[in-house]
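Everything on this sheet refers to the single structure shown next.
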Amino acid sequence: RGGRAKKKVLLMGKSGSGKTSMRSVIFSNHLAESTKKLGATIEVEQSQHRFLSDLMLNLWDCGGQEAFMENYLRHDQNQIFSNVQLLIYVFDISAKEYEKERDFGYYTDCLNAIKEYSPDASIFVLIHKMDLVPSDKRNVFLRKKKELLDHSEDVPIRVFGTSIWDESLYRAWSRIVHTLVPNAQDLTNHLDEFVEACSAIEAVIFEKKTMLLIAWSTEAGDFSKDDLDDEDDREIFERQTPPDQSCDQSNKERCHPSVTPVLPPDRFEKISEIIKRWKNTLLNSKMNFSFQNWVQEWSNFTAVLEPLTVNTFILVIAADPDILPGALRLNIEMAKERFI
Ligand code: GTP
C-alpha cells in the first residue's frame, strides 16, 4: 500500500566486538560456530535484507578498526550518519580495560554524530559476548548498563545483554526490528482479537527467514506498547498466567479452570533458535524442510506453529486441554486474510 519502506540501520562498535557475527547468525542463518572464521570487516559492508513484504533493512556493518572509526567520525560523518533510522552499538563485555575506554570514546562520538545528522534515530546498545561472563557475575552487565544509561541521559537508549551462543540475540534483535515494522500496531491488534477469539493464552508472529518475533499478544499484556528495558521485560514474562484465585468475574473467560503451570519465560527466543538450528541441519543434509504442521506440546499446553502469510509464521498457545491443535489450526486458517 504505502510502498516498501527502506530503513538504514548502522551496526557499529570496536573491531572484534561481534557485529558481523550477529549479522550472519540472524540474517544469513549461519551457526554461531562458523563465525570463528570471519575476518575483519574492511570499511563498511552494506547488505539489504527484505523483511516482511513492506520493509527493507539496509544494514551498514561498519568495520570497527580504529582507522575506519576515525574516518567515519572525522571525514565521512555526513555519509555515514545521515538518514539513519536505527543505530546499534555493540560493546564487547570481554574487552580489556584500555580498549573499553577508547571504545566508550567512540560510542560517545557516534551518539553526537547521530544527534546531529539523524536526530530521530532509535539507539540500541548491545552488551555482547555475555556467554563469557560467569552467571554469578551478572552485576558486570548491570554495572555496564547503568554506566551507559547515566552517560546517555539526553538520548533515549535501550540496552540488551546478548550472545550469539544463546537465545538472547533473538530477544534483542526482535525488539530492535519490531520498532521498524511499519504496521506493527495493526498486527498486534489483530493478534489480540485472535487470542481472545480462539481462547488461546498467547499468539506470536515470527518473520520467516530470520525467525525474529515481530508481534505478540499474551494475557500478560501487550509487549509492543511498553518501553521497558531488558530486566523489566523479563519480569513481565514471568508474571504471566494468573492463577485462578486472582480471576474476578469480569475476566473469568480469560482465566483457566485449573492451576496453570508457567511457560518458560524465554520460550519464543528458544523456538527461534531451535528452528533455525533445525533448518540448518536439514538444509545441510539436503533434505526438504517444511514447517507445515510443526506442533509441539509443552506439558499442559497445546502449541501450534503454522505458516500465516508468505513471510510469517504464527505460534499459538492454548492452556485449555479441551482445545485441540486441529481447532487452533482451523482458527489460523480462518484468520489468515486479516494478516495479509
Ligand atoms: P570488525 O569486522 O573488525 O569490526 O569485527 P566484528 O565486530 O564484525 O567482529 P566479528 O563478528 O568478526 O567477531 C569477532 C570474533 O568474536 C569472532 O571470532 C566471533 O566468533 C566472536 N564472537 C562473536 N559474537 C560472540 C559471542 O556472543 N560470544 C563469544 N564468545 N564470541 C563471539
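The values are calculated or read from the model by the stated rules, or taken from the named source; none is laboratory data. This is a predicted model, so every value here is computed, not measured. All Cβ positions, glycine included, derive from the backbone under ideal geometry; neighbour counts span all protein chains shown. Side chains included, ligands, DNA and RNA excluded: accessible areas come from the protein's heavy atoms. Shrake-Rupley method; radii C 1.70, N 1.55, O 1.52, S 1.80 Å.
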ask   = Going by the structure shown, is residue 111 among the aliphatic types (A, V, I, L, M) and either more than 16 Å from the ligand (Cβ to nearest atom) or closer than 25 Å to residue 56 by Cβ (or both)?
value = yes
inquiry  = Quick check on region 30-53: of everything there that is touching a strand residue (DSSP E or B) at 6+ places or on another chain (Cβ under 6 Å) and charged (D, E, K, R), which residue is nearest to the ligand (Cβ to nearest atom)?
reply    = 45
task = Would you please name the residue that is nearest to the ligand (Cβ to nearest atom), looking only at residues in region 54-69 that are open to solvent by 10 Å² or more (accessible area, probe 1.4 Å) and closer than 12 Å to residue 80 by Cβ?
result = 68
remark   = Of the candidates 90, 84, the one satisfying the condition of being farther than 21 Å from residue 170 by Cα and under 20 Å from the mean Cα position of the chain (by Cα) is 84
query = Can you tell me which residue in region 142-167 is nearest to residue 35 (Cα to Cα), limited to those that are within 16 Å of the ligand (Cβ to nearest atom) and at pLDDT 85 or above?
reply = 164
ask   = So which residues in region 1-24 are near the ligand (Cβ under 8 Å from one of its atoms) and outside any strand (DSSP E or B), if there are any at all?
value = 14, 15, 16, 17, 18, 19, 20, 21, 22, 23, 24
key: residue 175 being under 19 Å from residue 22 (Cα atoms), open to solvent by 10 Å² or more (accessible area, probe 1.4 Å) and more than 16 Å from the ligand (Cβ to nearest atom)   = yes
message = Suppose we filter 82, 47 for residues that are closer than 23 Å to residue 312 by Cα and open to solvent by 10 Å² or more (accessible area, probe 1.4 Å); which single one remains?
response = 47
key: Candidates 135, 122 - the one that is open to solvent by 10 Å² or more (accessible area, probe 1.4 Å) and within 16 Å of the ligand (Cβ to nearest atom)   = 135
query = What are the residue pairs meeting all of these: first residue in region 120-146, first residue aliphatic (A, V, I, L, M) and in a helix (DSSP H, G or I), second residue open to solvent by less than 70 Å² (accessible area, probe 1.4 Å) and away from the ligand (no atom under 16 Å from the Cβ), Cβ atoms under 9 Å, and 6 or more apart or on different chains?
reply = 142/231
message = Pull out all pairs, ordered by first then second residue, where Cβ-Cβ is under 7 Å, the residues are six or more apart or on different chains, the first lies in region 89-118 and is over 17 Å from residue 160 (Cα atoms), and the second is open to solvent by 40 Å² or more (accessible area, probe 1.4 Å) and more than 16 Å from the ligand (Cβ to nearest atom).
response = 113/77; 117/77; 117/78; 118/83
